[in-house]
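Read through the structure below, which is laid out as structure tokens, and then see the notes.
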Amino acid sequence: MKGKILVTGGTGYIGSHTVVELQNAGYDVVIIDNLSNSNIEVLDGIEKITGVRPVFVKGDCTDLATLTKLFEDNPGINGIINFAASKAVGESVQKPLLYYYNNLTTLINLLKLMPQYGTKGIVFSSSCTVYGEPDKNPVDETAPIKKATSPYGNTKQISEEIITDYINSGAPIKSIILRYFNPVGAHPSAEIGELPNGVPQNLIPYLTQTAIGIRKELSVFGDDYNTPDGSCIRDFINVVDLAKAHVTALARMLEDKSEEKLEIFNLGTGVGLSVLELINSFERATGVKVPHKIVGRRSGDIEKVWAEPKKANEVLGWKATTSIDDTMRSAWNWQLKLRERGIM
Ligand code: WQD
């Protein structure tokens, strides 16, 4: 085996897809998740894909005693991928203390334990939201960090600073910070995918639930932006491509492929697509119509943001390869599987 990796939030959307790719790459995986925004059945999906059921600890990473026990019970954790965080932009405005406490305490606990247990590297799940409304697109890693427009975005900025300061203080660890653009789609097996609790806040789950008839119609939040068709532009990146970037980043740290103790990479396709273009792509790829209407803008939305992926392509050695049509088909197949299982 290539080593033992702790994946916090590993039954979540991006976490579960990353666990699959870690196992495919030959790593032993330990998941800790409090199941606040995911289901235990995700472990069955992972096992169906890889044939290996990851070690699972139900617990909250904000509790140092729980995390300490996990490290004691699972010796030899070489690396960590930290997904465990609250991540709904809108909710963070309503419940800022929950977001600061959960997201920052989790990270601080992990960083505190790493040197004690000889854990070498941590991959941190960050977001393009740290750039706010970029001055120019595509956005590379030197783009200025703008004042966060939500407590959620602020927790990502503060987390990056905590990691930077801790490493600069001489902590015997390494870190790679991955700034995601918009993760979308599902595993091609349709055994795992995005399954938000309640009414989806983000675009693709709401779109596929509309396409299958759970939702009456998709509201497009504004078509009066300064973009070709007036709707917002995003960089929609396939979740499996994104998961593979985490495995590449982990190997880079654990196999000392870089002298750097801290590196930051933007993870995107480099292609900006508008919301309306994405709807067209879904309809073209699946042959399924998505009833939708234009409504007013959603407050806090960025007008346009897409990645310059050059550094990730050339330095990290990773590139997004899945087409948006294949990605839309994967999202639809996942929605169909949920219906088949009677889940929704
Ligand atoms: C995308 C576009 C909406 C829903 C946020 C966080 C980011 C990450 C992903 C966690 C926007 C439009 C959406 C709908 C719509 N969070 N939209 N109708 O806001 O780009 O990114 O979620 O990992 O860090 O910032 O994603 O999917 O909510 O919105 O028109 O019902 O789709 O206005 O233009 P967003 P999103």
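Condition (residue is farther than 21 Å from L104 by Cα, open to solvent by 50 Å² or more (accessible area, probe 1.4 Å) and in contact (Cβ under 8 Å) with a residue 60 or more places away in the chain) applied to the range 25-43: is it met by at least one residue? Within the range 25-43, one or more residues are farther than 21 Å from L104 by Cα, open to solvent by 50 Å² or more (accessible area, probe 1.4 Å) and in contact (Cβ under 8 Å) with a residue 60 or more places away in the chain.
The conditions are (1) surrounded by 19 or more Cβ atoms within 10 Å (Cβ to Cβ); (2) under 26 Å from W334 (Cα atoms); (3) more than 13 Å from the ligand (Cβ to nearest atom), and G213 fails exactly one of them. Which is it? Status for G213: all satisfied but (1). Only residues that are surrounded by 15 or more Cβ atoms within 10 Å (Cβ to Cβ) and over 20 Å from the mean Cα position of the chain (by Cα) were counted across the range 298-314, and they come to 1. Against the conditions (1) away from the ligand (no atom under 13 Å from the Cβ); (2) modelled with pLDDT of 95 or more; (3) of a type outside the set (F, W, Y); (4) out of contact with any Ser or Thr (no Cβ under 6 Å at 6 or more places or on another chain), K147 satisfies every one except (2). Of all residues in the range 220-234, those satisfying the criterion of being near the ligand (Cβ under 10 Å from one of its atoms) and over 14 Å from L278 (Cβ atoms) are G222, Y225. Each residue in the range 76-91 was checked for being farther than 19 Å from R179 by Cα and not in a loop (DSSP other than H, G, I, E, B), and 4 pass.
Here E191 clears all of (1) closer than 30 Å to N109 by Cβ; (2) open to solvent by 30 Å² or more (accessible area, probe 1.4 Å); (3) touching an Asp or Glu at 6+ places or on another chain (Cβ under 9 Å) except the condition numbered (1).
Within the range 315-335, the set of residues being open to solvent by 30 Å² or more (accessible area, probe 1.4 Å) and within 14 Å of L267 (Cβ to Cβ) comprises V315, G317, K319, T321, T322. Residues satisfying the criterion are absent from the range 98-105 (criterion: farther than 19 Å from G15 by Cβ and surrounded by 18 or more Cβ atoms within 10 Å (Cβ to Cβ)). Criterion first (without any contact (Cβ under 8 Å) to a residue 60 or more places away in the chain, touching a Pro at 6+ places or on another chain (Cβ under 9 Å), open to solvent by less than 30 Å² (accessible area, probe 1.4 Å) and part of a helix (DSSP H, G or I)) does V19 satisfy it? Yes.
The values are calculated or read from the model by the stated rules, or taken from the named source; none is laboratory data. Please read these numbers as outputs of a predicted model, since none were measured by experiment. Cβ sites come from the backbone with ideal geometry, for glycine too, and all protein chains shown count toward neighbours. Only protein heavy atoms, including side chains, enter the accessible area calculation; ligands, DNA and RNA are left aside. Shrake-Rupley method; radii C 1.70, N 1.55, O 1.52, S 1.80 Å.
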